[in-house]
1. Quick one: Karplus J couplings for the stretch B:228-237, per residue in order, coefficients 6.51, -1.76, 1.60, θ = phi - 60°, nearest Hz, x for Gly and Pro?
2. Given 4 °C and 1.567 mPa s, how large is the Stokes-Einstein diffusion coefficient of chain A in µm²/s, with Rh as the Kirkwood radius over Cα pairs?
3. Hey, could you get me the Stokes-Einstein D for the stretch B:471-557, Kirkwood radius over alpha-carbon pairs, 20 °C and 1.002 mPa s, rounded to whole µm² s⁻¹?
4. Using protein chains only (no ligands, no nucleic acids) and a 1.4 Å probe, work out which residues of the stretch B:39-69 have their accessible area cut by at least 50 Å² relative to the chain alone.
5. Report the Cα centroid-to-centroid distance between the stretch B:406-456 and the stretch A:215-233 in angstrom, as an integer.
6. Mind listing the long-range amide H neighbours of B:V5? Cut-off is under 5 Å, sequence gap 5 or more, other chains count too, H placed in the peptide plane at 1.01 Å from N.
7. Just grab the label-to-label distance for A:E417 and A:S224, each label 7 Å out from Cα along the Cβ direction, in nm (one decimal).
8. Explain nothing, just the number: relative contact order of chain A, from Cα pairs under 8 Å at least 6 residues apart, as a whole percent.
2 protein chains.
Amino acid sequence: MPNAVYQPAKLTRDTLRVIPIGGLGEIGRNMTVFEINGKLLIVDCGVLFPEETQPGVDLILPDFSLVRDRLNDVVGIVLTHGHEDHIGAVPYLLRLKNDIPLIGSGLTLALVEAKLKEHRIKPYTFQVEEGQTEHLGPFELEFVAVNHSIPDALAVAIKTVAGVVLHTGDFKMDQLPLDDRITDLRAFARLGEAGVDLFLVDSTNADVPGFTPSERTIGPVLDSVIAHAPRRVIVASFSSHVHRVQQVLDAAHANGRRVALLGRSMVRNMGIAAELGYLKVPDGVLVDFKKAGDIPDDKIVYMSTGSQGEPMAVLSRMANLEHQIEVGPGDTVILASSLIPGNENAVYRVINGLTKLGATVVHKGNAKVHVSGHAAAGELLYCYNILKPRNVLPVHGEYRHLVANAQLAIDTGVPRENTILADDGTVIDLRDGVATVVGQYDLGFVYVDGTSVGEITDDDLKDRRILGEEGFISIIVVVEAGTGRIVVGPEIHAKGFAEDESVFDKVKPKIAAALAEAAGNGTRDTHALQQVVRRTVGRWVNTSYRRRPMIVPVVIEA
Amino acid sequence: MPNAVYQPAKLTRDTLRVIPIGGLGEIGRNMTVFEINGKLLIVDCGVLFPEETQPGVDLILPDFSLVRDRLNDVVGIVLTHGHEDHIGAVPYLLRLKNDIPLIGSGLTLALVEAKLKEHRIKPYTFQVEEGQTEHLGPFELEFVAVNHSIPDALAVAIKTVAGVVLHTGDFKMDQLPLDDRITDLRAFARLGEAGVDLFLVDSTNADVPGFTPSERTIGPVLDSVIAHAPRRVIVASFSSHVHRVQQVLDAAHANGRRVALLGRSMVRNMGIAAELGYLKVPDGVLVDFKKAGDIPDDKIVYMSTGSQGEPMAVLSRMANLEHQIEVGPGDTVILASSLIPGNENAVYRVINGLTKLGATVVHKGNAKVHVSGHAAAGELLYCYNILKPRNVLPVHGEYRHLVANAQLAIDTGVPRENTILADDGTVIDLRDGVATVVGQYDLGFVYVDGTSVGEITDDDLKDRRILGEEGFISIIVVVEAGTGRIVVGPEIHAKGFAEDESVFDKVKPKIAAALAEAAGNGTRDTHALQQVVRRTVGRWVNTSYRRRPMIVPVVIEA
């Protein structure tokens, strides 16, 4: 169990306990645990991508410590949709117990199964669809269609003896979506009429005024850009954005072009989406990348990954001329994607690189080639008014998003005291229509780096930041056991410190003198001698260079 | 002299050579060198702020190698305005020769003098104003008023026997600026009528459609936010943005509040601006920070730095409760500033922190509290049409901005072959109204870190990036000279690698075995033995952890 900042009382019978494990205070690693009468239900289990303050980290997982010892009580994991920030941590949870049922729509399960296959886990899955109701232990689940930037997303109503919860997952309310599958506001209305006690609602765009434009507005722009492109067209987007790819396929087809998919995740996901019927591939439009080179430049569209400037993805490699496709004058590159905060420099580097190669780069800064997948403030107001929830818990957002979302709830008449601004680890009990914060666990970040899971600590990341900013100076001295007399050294090595190593000649006599003095005073302990070296070198480098590299002294007895 | 990728021919008499040293391909470190008949003129000498790929660097300077040996031929440095990206590198150039005349407007010179004072340099300055003409050797300079996000900015027309150049510096065309000092399009028209052979023009906003709104539109928003603020108001902006601060002072005054300035650069710059009459301080509105605590919360406005989320600036410290001013519920924080790409995560961290403390945060995402200082595409079109330059050299921008600006010139009728897409170090000769690219120098980044200038290389930064992402493992072995037998060790230390150090027990026998084998084969050279250690540990860590920390083997003979 994690530390409790504020220990919740023992859960009483017929009370529903709700604990967001991840996704509050961050965009990512969404995970919520529901508990009643000894049974647990999990909704979503996603990853968070690291920021620049978390260098070298591959992924960040939710902290499973609250459920780790209770896995036998978990009746299932509902996955609202197939995005990484909702399914990406499933393999790490199933490593602990691989037969917890996964419940989700057809596309969601297909995507999580493909991911689990890479981790050599064959899960126990249970496919559901909108309108369906299922019982899992003390939970009655009703699934509701919602519209998002991936098909087949579901909200879930969780009905218990303690009250009814509605969790939106991620959603928006495109009224003319490409697949005509709208967010089911009729179901929201019906649930609201019956009474929703607690509403967990996506906050990502709560601070964006107005309404997210329809995905359908992008088609004509793509069509026009492709129609006027003199040579090759390369479109980059997210590898799970089936409808965006659909519009590229349609626009290419309408302009007599064929499409080659690039990037492992793009090929895999679109293969799944096409096989299951979510992606409707016009006859003969797809061509294998290996054969695309034979097609004239004005008859081909490449659909790739890398829209966030990821250095190893197709688009960055193209911008650096490290890809088989050599971008040149007359080529058109479309970034049909958002720009996730923190990725700006990387994305602009790619745009500058492609521009320098002579390509025309179309992006959301200069054309309407992207719409968000999340409901803006205007849509959320509709939601609140249709649903009239008793209590609101904004989820999926940084603190500023959660606060903006809570304010929207208040604006529509939800009492301020019934809107809950929670953190990861906040414990909320629901009973008789009253939701109360009853505790707070201290949940941490669980870092994945290579094959290590959870072994990297925040202290390690602090060390990395110092090393990355300042480099290190390592000083090795071999002393004679007993006398402390220097036998070899001081030998000094530095990396990232960036001065000619001969500068260390100036500090070596200082080190020798300091060690001699310490030895003279009877200091024999190598740890104490190391501290002497650290102080001597630290003082010298700070005075001489006004810098603070990591100092790694090693004193060895021989 | 730097390496030439494409060596220019020797400069012939009565030809003007133009070499942008910095500012092309980046936003920052603006510097251009003009040469004719043996004399050099420099326009601007600024710094660039590092990106996340340049960890630990404080500043980036232009590469002075083209002028380092010619400083006696430099007739002066024209400073177009007082922003860091135009004046910040002056101290580093004047260190090489401190009597090169600095030419600029009153505010610009006051700001650069204050900066030079910190470097203990007293410069030789020559103050000019709009409309003024001066001769410096073979250069006749005419100064033209331009409007920008700092007062007293100047464009400069450089007239030589080879032709006339107009350099805009940074500018926009606010038609109702706060100080009524508009960009002098009459002068542009007159110069254009007489004939401008080469136009160096600010590209920062060339890819932004339309027109930059007037600075004046911000006043009413500030006024309304301050009028409705229940408690303290904290406004963060750039410390050189005199007109933004003016509007805060005016809005505070109109609402019966006093203003305390926070942050060293804010206090210094506004002191200079007020003394010189650029900032008009309403009677009694300013209050010393030390006395501000005595003023009721609803009667005070704090004007601070830190709008870019800089960790050491006032605003970040407030967000972390590390500042004397403890932000709390009811306080209002206004970020009256742009969001410079790359700073998003830092700024959102500050916004989240302040929101969590209970403050209402107003920023350009939710209110019109910032306008840019640079001309957008619409304004640039006016410029080109009024000026009708023969040749155009877009400056001050990343490659994508330069390309967008060139396209605007072409759209107004400048022949494509007369628009020059250049890099730092491109050599352009102007003669008889014809501008030609005649060479390309290979100019580098000059990094400042602490007191080191230019000693840090790109290889050092690569080491820092590896250390920052992966940490290091250091292995120390003392061997017997002659036999190679291990006397002490292997001793292993790791930082940022993040596993329990006992894991290294597994690799120590492998190292010992590998060294024994090498010694058995007659290897005695410690460098070769170090390579053996590096390979052994590298292979082990990659197989066991799929990671690539820096491996630092040290083999010492004793």
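The values are calculated or read from the model by the stated rules, or taken from the named source; none is laboratory data. As the structure is a computational prediction, the values presented were derived from the model and not from experiment. Methodologically, a virtual Cβ is constructed for each residue, glycine included, from the backbone with ideal geometry; neighbour enumeration extends over all protein chains shown. Quick note on the areas: whole protein, heavy atoms, side chains included, nothing else; ligands and nucleic acids left out. Shrake-Rupley method; radii C 1.70, N 1.55, O 1.52, S 1.80 Å.
1. Karplus-based 3J(HN,Hα) across the stretch B:228-237 equals 8, 6, x, 10, 5, 10, 10, 10, 10, 7 Hz.
2. The Stokes-Einstein estimate is 49 µm²/s.
3. Details: Rh = 12.8 Å.
Here the translational diffusion coefficient equals 167 µm²/s.
4. Those are B:E52, which lose 50 Å² or more relative to the chain on its own.
5. 33 Å
6. B:Q440, B:Y441, B:D442
7. Using points 7 Å along Cα→Cβ, the separation is 5.4 nm.
8. 16 percent
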